[in-house]
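Note sheet for the following structure.
The values are calculated or read from the model by the stated rules, or taken from the named source; none is laboratory data. From a predicted model like this one, the values you see are computed outputs, not experimental measurements. Neighbour counts run over all protein chains shown; Cβ positions are idealised from the backbone, glycine included.
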Amino acid sequence: MMQRAPGARGVPAMSDPIVLEGVSKSYRRGDELVAALVDVSFSVAASEVVALVGPSGCGKSTTLNLVSGVDRADAGRVGVCGLDLGAAAEPDLVRLRRRTVGIVFQAFHLVPHLSVEENVALPLALDGRRDPARVAELLERVGLTRRRRHFPGELSGGEQQRTAVARALVHRPRVLLADEPTGNLDSATGAGVLRVLDELRRAERTAMLLVTHDDNVATLADRIVRMCDGRVEAIL
């Protein structure tokens, strides 16, 4: 991949599903104010995968928290599908997470007392919707139709993460956030999960922001944003 300066794409297109412009965020640690992000700018286009890489504490997870609307920036603009998250009311952020954003976590975060089928349907249920055909379609695509009535504790790690992938995409989000999606899996199982994730993401034309420490996972990306000490060090 050709190396580009952080501003090589120019001003991020407002139509891009994910836009960060001059974003800064600090947290208070005792009497000290710690800068988690400093003047971060990049965007993710529809159907594009951008990987955030860098050492622990460089600001990757903070970036995901801001894009998901879980936290708010101190300065700059975070836009998701045209919504300015800094100016959005809390109900707007809730709707964003239920309808526009899907999230795949490293630790799966499946609901233990719900079956595979019920876990996948959960984002729709929380939004007052039902779509059994969509749930069945995704279960087949991730290879879990025969396991649909099993509970998370009865699944392997790879099966749990494939369930989480299906859950993240069941409501057809325009933005997918993946936080170390293979971090708890062995290399062979992780590679299988990545294949499924990439196939589904391409089929849905979803913009994906991926956090990883794994160079093999980063090869899935169209571009890599390398971070260090809360700043964008390079965009590759």
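In segment 182-227, the residue that is modelled with the lowest pLDDT out of those that are over 19 Å from residue 134 (Cβ atoms) and of a type in the set (Asp, Glu) is 215.
Okay, residues lined up against (1) surrounded by fewer than 19 Cβ atoms within 10 Å (Cβ to Cβ); (2) within 23 Å of residue 19 (Cβ to Cβ); (3) not charged (D, E, K, R):
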position: 157; (1), (2), (3): yes, no, yes
position: 167; (1), (2), (3): no, no, no
position: 171; (1), (2), (3): no, yes, yes
position: 183; (1), (2), (3): yes, no, yes
position: 192; (1), (2), (3): yes, no, yes
position: 211; (1), (2), (3): no, yes, yes
position: 215; (1), (2), (3): yes, no, no
position: 219; (1), (2), (3): yes, no, yes
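One line per residue, one yes/no per condition, for (1) assigned to a strand (DSSP E or B); (2) of a type in the set (Asp, Glu); (3) out of contact with any strand residue (DSSP E or B) (no Cβ under 9 Å at 6 or more places or on another chain):
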{"site": "16", "(1), (2), (3)": "no, yes, no"}
{"site": "20", "(1), (2), (3)": "yes, no, no"}
{"site": "33", "(1), (2), (3)": "yes, no, no"}
{"site": "38", "(1), (2), (3)": "yes, no, no"}
{"site": "47", "(1), (2), (3)": "no, no, no"}
{"site": "52", "(1), (2), (3)": "yes, no, no"}
{"site": "58", "(1), (2), (3)": "no, no, no"}
{"site": "62", "(1), (2), (3)": "no, no, no"}
{"site": "65", "(1), (2), (3)": "no, no, no"}
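Summed over segment 113-153, residues that are surrounded by fewer than 19 Cβ atoms within 10 Å (Cβ to Cβ) and more than 25 Å from residue 64 (Cα to Cα) total 23. Figure legend. Inter-residue proximity from segment 141-162: first residues among the acidic types (Asp, Glu), second residues surrounded by 15 or more Cβ atoms within 10 Å (Cβ to Cβ), beta-carbon distance below 7 Å, spacing 6+ or different chains. Indicated pairs: 159/144; 159/147.
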